[in-house]
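> This structure is in structure tokens; I'll ask about it shortly.
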Amino acid sequence: MQQPEFWHQDKSLRAALLRPLSWLWQRVSARRMAKGPWHHLDVPVVCVGNINVGGTGKTPVVIALLSALQDRGVAAHVVSRGYGGSLKGPVRVDERSHSSAEVGDEPLLISAFGPAWISADRHAGALAAIAAGAEVVLLDDGLQNPTLHKDLSIVVVDAATGFGNGRVMPAGPLREPVDSGLARADLVVSVGDARAQADLLKRWPALQNTRCLGAHLAPLQTGMDWHGLRVLAFAGIGKPAKFFDSLAAQGATLVKTMAFADHEEYAPTLLNRLLNEAQKANLQLVTTEKDAVRLPHSFRPQVLTLPVRLTFDDPAALNDILDRLS
């Protein structure tokens with residue numbers, strides 16, 4: 001299920017009719033943020049979050065920061081709520097023994113790159129990470145969470161779509177108004193090409209008052225030759241079309257594409273349908289890394305993944321920012 005089209009239209013009657021509900025959402029969120037409590041930890045807390053509802057590239061940013069801190073010899077641990085998982089934590093995620101149904105797909109994916117924890121109580125999760133040796137806590141998707149004091153708050157935005165129509169849910173794609181979100185941000189990471197970055201700054205001049213760092217996603221070169229490969233591509237992420245476009249750019253022939261809701265849990269009947277359709281047309285199943293962790297282990301050999309990695313456009317600027325944490 002894709003985001004409603006009117007979320008990305010400047011003028012929409014449907015959005016206008018939903019404005020009273022947006023106002024209510026905004027009031028409740030603001031009161032929750034003002035309430036606290038704010039816990040100060042003994043180690044730096046770096047928050048990576050969204051103003052938008054998903055689909056911004058937040059998880060690749062978390063992974064990139066985790067790797068950057070590791071390269072500096074810093075023991076960074078990621079703490080996540082574990083969206084969609086049944087475990088409440090604090091639990092350290094083990095990619096070999098946990099499933100996405102238990103801990104959520106994003107923490108499970110992140111755990112392949114470094115220590116990751118899930119905890120419904122972010123404070124308890126952070127304390128567990130520190131007890132296990134964390135020197136920096138990377139708070140995944142915590143911009144609207146008032147539990148912890150943040151030493152560095154990062155807002156991730158997709159440069160191509162920006163903040164949609166600029167309205168709060170359900171009239172638009174935002175969790176809170178742009179101004180309030182940016183007011184708490186020390187850094188904005190905009191993900192996209194140079195043209196999209198420039199257009200973003202023109203449309204949202206408020207970004208000019210916040211430090212911005214560009215970044216882009218690119219397929220990881222694994223030696224796989226995609227040219228001419230006939231595929232059935234499927235994805236349950238914030239913006240499946242971006243994955244399909246990336247796969248086509250690698251040379252694959254997308255005979256069929258299937259987009260599902262973000263965090264889709266693939267039921268056996270759906271997986272059988274995907275496999276049958278692929279076999280009938282002699283197609284190769286392909287999906288994202290995030291989708292792959294939600295597949296049963298027995299099904300994964302049937303599917304190829306297209307891994308992507310995030311690169312910051314100005315590594316020196318990133319190093320300057322990370323230097324301030326020490």
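No lab work stands behind these numbers, since they all come straight from the coordinates. Since we're looking at a predicted model, the values are computed, not measured. Neighbour counts are summed over all protein chains in view; Cβ atoms, including those assigned to glycine, are modelled from backbone coordinates with ideal geometry.
> Per DSSP H run of at least 4 residues, take -39500 (n - 2.57); add these up for the chain, divide by its residues and hand me the 222 nm value, nearest 500 deg cm²/dmol. Could the numbers behind the result be given before it?
Working: 12 runs with 108 residues, N = 326.
Mean residue ellipticity, 222 nm, calculated: -9500 deg cm²/dmol.
> How far is it, in nm, from the label point at residue 28 to the one at residue 210 when both lie 7 Å from their Cα along the line to the Cβ?
2.3
> Would you please give the residues with an amide H less than 5 Å from that of residue 308, counting only those at least 5 places away or on a separate chain, with H modeled from the backbone geometry?
Those lying under 5 Å, H to H, from residue 308 are 220, 289.
> Name the residues whose placed amide hydrogens come within less than 5 Å of the amide hydrogen of residue 253, ignoring near sequence neighbours (fewer than 5 apart) on the same chain.
Distant-sequence amide H within range of residue 253: 228, 229, 230, 231.
> While we're on this one: Among 196, 317, 43, whose Cα projects farthest towards the positive end of the dipole of the chain, with charges put on the beta-carbon of Lys, Arg (+1) and Asp, Glu (-1)?
Ranked along the dipole, the leading option is 196.
> Here's another thing I want to ask about it. Which GluC sites (Glu not before Pro) in region 1-108 pass both tests, a DSSP loop state and at most 16 other beta-carbon atoms within 10 Å? Don't skip to the answer; put the middle values down first.
Numbers: sites: 5, 95, 102; in loops: 95.
Counting only loop positions with at most 16 other Cβ atoms within 10 Å, the GluC sites (Glu not before Pro) in region 1-108 are 95.
> What ³J(HN,Hα) values, in whole Hz, does the Karplus curve 6.51 cos²θ - 1.76 cosθ + 1.60 give for region 92-102 when θ = phi - 60°, with x put for Gly and Pro?
Working through the residues one at a time gives 7, 6, 10, 5, 7, 10, 8, 10, 5, 5, 8 Hz.
> Separate question: Computed from these coordinates, which is mean projected area of the Cα convex hull in nm²: (i) 15.9; (ii) 18.1; (iii) 17.1?
Structure-derived value, by its label: (iii).
> Compute, for the chain, the length of the dipole vector about the Cα centre, with Cβ point charges of +1 (Lys, Arg) and -1 (Asp, Glu) only. Units Debye, rounded to 20.
On the way: 33 positive and 32 negative charges, 197 e Å.
Charge dipole of the chain: 940 debye, to the nearest 20.
> What residues qualify as long-range amide H neighbours of residue 52, i.e. H under 5 Å apart, gap of 5 or more or another chain, H built at 1.01 Å from N?
Amide H neighbours of residue 52: 175.
> Still on this structure, please answer the following. Mind running the shape call on region 230-306? Use the C-alpha gyration tensor, a ≥ b ≥ c as the square roots of the eigenvalues: rounded below 1.5 for a/c, prolate if a/b tops b/c, oblate otherwise. Numbers along the way, then the final one.
On the way: a/c = 1.61, a/b = 1.11, b/c = 1.45.
Since a/c reaches 1.5 but b/c is at least a/b, the shape of region 230-306 is classed as oblate.
> Spelling out what I want: for every residue of region 71-81, take phi, set θ = phi - 60°, compute 6.51 cos²θ - 1.76 cosθ + 1.60 (Karplus), and round to whole Hz; glycine and proline get x.
Karplus-based 3J(HN,Hα) across region 71-81 equals 5, 8, x, 9, 7, 9, 10, 9, 10, 10, 5 Hz.
> Apply the Karplus parameterisation 6.51 cos²θ - 1.76 cosθ + 1.60, with θ equal to phi minus 60°, to every residue of region 293-304 and state each ³J(HN,Hα) to the nearest whole Hz, in sequence, with x for glycine and proline.
Working through the residues one at a time gives 6, 8, 8, x, 4, 5, 8, 4, x, 7, 10, 8 Hz.
> Taking the simple approach of a point 7 Å from Cα along Cα-to-Cβ for both residue 38 and residue 316, what is their distance in nm?
3.4
> Additional query: If you place +1 on the Cβ of every Lys and Arg and -1 on the Cβ of every Asp and Glu, how big does the dipole about the Cα centre of region 230-306 come out, in debye to the nearest 20?
My answer is approximately 180 debye.
> A follow-up question, please. List the pairs from 11/88; 11/35; 88/290; 88/242; 88/150 whose alpha-carbon separation is above 29 Å, in the order I gave them.
Cα-Cα > 29 Å for 11/88; 11/35; 88/242; rest within.
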